[in-house]
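Here is the structure we will look at.
The values are calculated or read from the model by the stated rules, or taken from the named source; none is laboratory data. Because the structure is a prediction, the values reported are computed rather than measured. Neighbour counts are summed over all protein chains in view; Cβ atoms, including those assigned to glycine, are modelled from backbone coordinates with ideal geometry. Protein only, heavy atoms only, side chains kept; ligands, DNA and RNA dropped before computing areas. Shrake-Rupley method; radii C 1.70, N 1.55, O 1.52, S 1.80 Å.
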Amino acid sequence: MINDVIESYLDSVEEREFDAPFIALLRAMGYRDIHFLHGSFEFGKDFIAKGEFDGASMQFVFQTKAGDINLKSWSECRGQIDMLRTDSTAHPAFDITLPRKAVFVTTGRLVGGAGPAAQSYRKHLEELGELGFVTWDKQDLVEFITAHPGVCLAAGTQGAFLTMIWHVEQGRSDEKELERYSREWLSTAKSVHQISLETAVIAQLLRRTDRLDLSCMTALMLIRAVWFRAHGAEPPGEATLTAADTGQQLFRHYARHIFEGCGDDMLDPTQFLRDHGTLAAHVTYPISCLRMVEVLGLLYLLDSPADSELRDDLGRFLIDFMNSNAGVAHPVSDRWAISLIPAVLVAAQRGSLQSARNLVQNVAKWVADRYESDGLGLADSDSAPKEEVDRLLGVPFEHVKLERRTESYIATVVLDLAAMLRLGDVFDLINNDFMAVVLFPSVIEAPDSEAQYIIHSNDLAFTANMEYEDTWVPRDGWKVAPHHRRAKTNYYLQRIGRHWDHLALSSVLRDRHFPETCRHFLLN
């Protein structure tokens, strides 16, 4: 997958933009005494470096070009290659006593008649007994860079990125740190190709530390950044679409790896619970369950019907997992409310309405129990893990000093899902339960602006206690609350047909959803 991202980067990079990454690549490949000579006195050589070839030290000289080289361009480059091979005027570090190796580098390919012309010229030099040259084209560069993908970020690498990489490699990164770091992508001067590559590097490192779930979330953060930067452009530019598609492809790649690791043992709740230890299982088991149904649900909704066999296997497993693992119905805080939406949408799409009904009811019961008079309620979507645990387990412990929380975003999600599925009896039941324990469904509404992509903005409207209808008397088929009647069908991502990206945005933000976007997956 990272090969595709690197290739896309090479397609976009300008000639001089590749200078710093190329130096970093040479250094990573073990070259030494590297010098950049581009300017009035380069004498055909953009870079010089010393390296090993067939066990012998050699003086390497490089000429770099961006993009494809056609026959006309090749004719212009041939003179530079001759200087590259023969001219000894260069930097003081240039060692004329060492054998020379000339390398012509292009981030594209030799196309049309350029390939045969280069081959013929190389053969001609060989027949004359003269120093020849080798070519590194896009295919070679992709192979080299794949082993050292971070080199393409050399020009724009800052301390924050290096710190992020270090935390990932040490196993110290978490989703919140990744999301905070990804906010830089919203306004950075880096191109979308560069942030795509940065995403791929981070996601690959997360995979190596057995955090495939965070690899998936990082891909979604790229999608958030891409659309924030391009918001309102109709039609969106080619670079934007390529980067957004890259985010989808990265997510699909890592989510499928998660599904490949799923087996029937995960449908045995006793075994799955045992895998999460003893005391910590009260927290880790439901979180693992919810992240599983969130990622696999999004994967199911992303894949097309053309992937019917894999998609059908995925859908069956997801429904079985929902039905067999109680942890799916036990979100430990508002942060995990979003995880329910893809799971319920998949169940509804597959005609397993009873599974969706059971999940919504079971979550509602769990939440109501946490908000009873002696309960602390559940933590909000932006809370620290300590508060999540304290509110979940803290009532019996005297050292926990927290006030009862009355707001609940989970309540909003289950009420909205019941309404969207038109489960009138379920809506009435859970609405009454929430009112009985004095629980207030909270809602964040976003305009069709950049505010919808970020967590904090003055343009966001927060309602601490959304007033749903007392009983199931819907308007327009499903609308039983003011925010339903204000729900938009003309958000930017809806208008350009990127409903999945809009749905995935909620998984990054964790504190809001877009009802009409959710309904899109019920109607299509």
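Nearest-5 percent of antiparallel DSSP beta bridges in the chain? Walk me through the numbers on the way to the answer.
Details: 14 of 28 bridges.
Antiparallel: roughly 50 percent of the beta bridges in the chain.
Tell me what the chain gives for mean residue ellipticity at 222 nm when only DSSP H runs of n ≥ 4 count, each as -39,500 (n - 2.57), the sum divided by the residue total, rounded to 500 deg cm²/dmol.
-16500 deg cm²/dmol
For a quick protection proxy, order the peptides 288-299, 60-71, 450-461 by their average other-Cβ count within 10 Å, most packed first. Don't skip to the end; give the middle numbers.
Working: 288-299: 24.4, 60-71: 20.2, 450-461: 15.7.
With the highest mean Cβ count within 10 Å placed first, the list reads 288-299, 60-71, 450-461.
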Taking +1 at the Cβ of each Lys and Arg and -1 at the Cβ of each Asp and Glu, which of I455, H167, M217 sits farthest along the dipole of the chain towards its positive end, judged by Cα position relative to the Cα centre?
I455
How far is helix 19-28 tilted off the main Cα axis of the chain, in degrees rounded to 10, range 0 to 90?
90
Identify all lysines with a Cα-Cα distance to K123 below 17 Å; exclude those on the same chain that are fewer than 8 residues away in sequence.
K101
About the Cα centre of the stretch 78-117, what is the dipole size in debye to 20, counting +1 per Lys and Arg Cβ and -1 per Asp and Glu Cβ, all else neutral?
160
Can you run phi through the Karplus equation (6.51, -1.76, 1.60; θ = phi - 60°) for the stretch 405-414 and list ³J(HN,Hα) in whole Hz, with x for Gly and Pro?
9, 9, 7, 8, 6, 4, 4, 4, 4, 5
Long-range amide H partners of F440, meaning residues 5 or more apart or on another chain whose placed amide H is closer than 5 Å, are E407, S408
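In the structure shown, do any of K365/K479; K176/K386; K45/K190 have a Cα-Cα gap over 21 Å, and if so which?
From K365/K479; K176/K386; K45/K190, over 21 Å: K365/K479; K45/K190.
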With x for Gly and Pro, the residue-by-residue ³J(HN,Hα) of the stretch 374-379, computed from phi through the Karplus equation 6.51 cos²θ - 1.76 cosθ + 1.60 at θ = phi - 60° and given in whole Hz, is 9, x, 8, x, 9, 5
Among 358-364, 92-98, 415-421, how do they line up from the highest to the lowest mean number of other beta-carbon atoms within 10 Å?
415-421, 358-364, 92-98
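How large a share of the accessible area of the chain, in percent, is made up of carbon and sulfur atoms when the probe is 1.4 Å and the other protein chains stay in place?
On the way: 11040 of 22220 Å².
Roughly 50 percent of what the probe reaches on the chain is carbon or sulfur.
D68: net charge of surrounding residues, Cβ under 15 Å, Lys/Arg +1, Asp/Glu -1, itself excluded? Don't skip to the end; give the middle numbers.
Working: positive: K65, K72, R109, K138; negative: E7, D11, E14, E15, E76, D137, D140.
Net charge in that neighbourhood comes out at -3.
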Accessible area in square angstrom per residue, the chain, 1.4 angstrom probe
42
Apply the Karplus curve 6.51 cos²θ - 1.76 cosθ + 1.60, θ = phi - 60°, to the phi angles in the stretch 450-459 and return the couplings in whole Hz, x for Gly and Pro.
4, 4, 5, 9, 10, 7, 10, 7, 5, 7
Averaging sequence separations of C-alpha pairs under 8 Å and six or more residues apart, then dividing by the length of the stretch 163-279, give the relative contact order as a whole percent.
25
Lys and Arg at +1, Asp and Glu at -1: add these up for the other residues within a Cβ distance under 12 Å of A464 and post the number.
-2
If amide H atoms are modeled at 1.01 Å from N in the peptide plane, then the residues at a separation of 5 or more from S333, or on another chain, having amide H under 5 Å from its own are none
Anisotropy class of the stretch 434-524 from Cα gyration tensor, a/c 1.5 cut
oblate
Descending principal axes extents, the stretch 16-112, alpha-carbon based, whole Å:
36, 29, 27
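Pull out a ≥ b ≥ c, the square roots of the eigenvalues of the alpha-carbon gyration tensor of the stretch 358-490, then state rounded if a/c is under 1.5, prolate if not and a/b is larger than b/c, and oblate in the remaining case.
Numbers: a/c = 2.46, a/b = 1.28, b/c = 1.93.
Oblate, because a/c is 1.5 or more while a/b does not exceed b/c.
From the convex hull of the Cα coordinates of the chain, what is the mean projected area in square nanometres? Kindly include the intermediate steps, with their values, before the conclusion.
Values: hull surface 117.0 nm².
Reported value for the Cα convex hull: 29.3 nm².
Using packing as a proxy for protection, rank 227-234, 439-446, 50-57, 472-479 so that the peptide with the highest average count of other Cβ atoms within 10 Å comes first. Mind showing how you got there, number by number?
Working: 227-234: 16.5, 439-446: 21.6, 50-57: 11.2, 472-479: 13.5.
Taking the mean over residues of other Cβ atoms within 10 Å, the ranking is 439-446, 227-234, 472-479, 50-57.
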Can you compute the charge dipole magnitude of the chain about its Cα centre, using +1 on each Lys and Arg Cβ and -1 on each Asp and Glu Cβ, nothing else charged? Give it in debye, rounded to the nearest 20.
380
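Near G232, within a Cβ-to-Cβ distance under 12 Å, what is the net charge of the other residues, with Lys and Arg +1 and Asp and Glu -1? It would help to have the intermediate numbers written out before the result.
On the way: positive: R229, R495; negative: E234, D448, E450.
Overall, the nearby charge balance is -1.
Let's see if you can work this out: charge +1 on each Lys and Arg Cβ, -1 on each Asp and Glu Cβ, no other charges. What is the dipole magnitude of the stretch 201-339 about its Cα centre, in debye to the nearest 20?
On the way: 12 positive and 18 negative charges, 116 e Å.
That gives the stretch 201-339 a dipole magnitude of about 560 debye.
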Looking at the stretch 21-161 only, what percent of DSSP beta bridges run antiparallel? Nearest 5 please.
50
